[in-house]
Amino acid sequence: MNRLLPWAVLAASLAANVALAATLVGRRASSEFPSEPLIFSKVQLDPDQRARITSLRAELLAHREESERNLVALRHQLAAAIARQPEDRAAVDSTLHQIAEAQAHFQETVVSHVLAVRSVLKPDQRPAFEDIITHHMQAGAQMHCGVEPTSALPSP
């Protein structure tokens, strides 16, 4: 019984830290989230373009929320797998692989979103959008220009 106590404490601590980190990241992302995409203030868009970009943004936000919920569940699964006795390295590796796949899938979703927003723009509007994207990608910052923050996910 005494041999299991340190592992139980470690597991509880890890789970609490993961939950706290997920909560803090979620709060940070929501507090930094602009009311509208940055592209709206950088480029003169016609009403149809604004509506299309707003619709694309809503789709991305839905994907983002789903991805975040999935990642939180996977991180809980990882914490449980790490704490399991006897050690189950296959379960840990499998969960790590699932996390990587989920993050890669959302990254692909963000790239598809960027390309979709870009296609809504006229050729003379694209350089401003591309400057925004380039700046955010080089800075490792979250995108707010018709593309949205990825919070706990790696920056595109």
Give the residue, chosen from Arg75, Arg52, that is basic (Lys, Arg) and either closer than 26 Å to His135 by Cβ or not in a helix (DSSP H, G or I) (or both).
-> Arg52
Inter-residue pairs, beta-carbon under 7 Å, first farther than 14 Å from Phe106 by Cβ and in the stretch 57-79, second exposed (fewer than 15 other Cβ atoms within 10 Å of the Cβ), 6+ apart | Leu78/Leu96
Matching option when the condition is aliphatic (A, V, I, L, M), crowded, with 18+ Cβ neighbours inside 10 Å and at pLDDT 95 or above, among Val114, Val110, Val147, Val72 | Val72
Answer residue from the stretch 80-96, given it is without any contact (Cβ under 8 Å) to a residue 60 or more places away in the chain and not in a helix (DSSP H, G or I) and is surrounded by the fewest Cβ atoms within 10 Å (Cβ to Cβ) among those | Pro86
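The values are calculated or read from the model by the stated rules, or taken from the named source; none is laboratory data. Please read these numbers as outputs of a predicted model, since none were measured by experiment. Methodologically, a virtual Cβ is constructed for each residue, glycine included, from the backbone with ideal geometry; neighbour enumeration extends over all protein chains shown.
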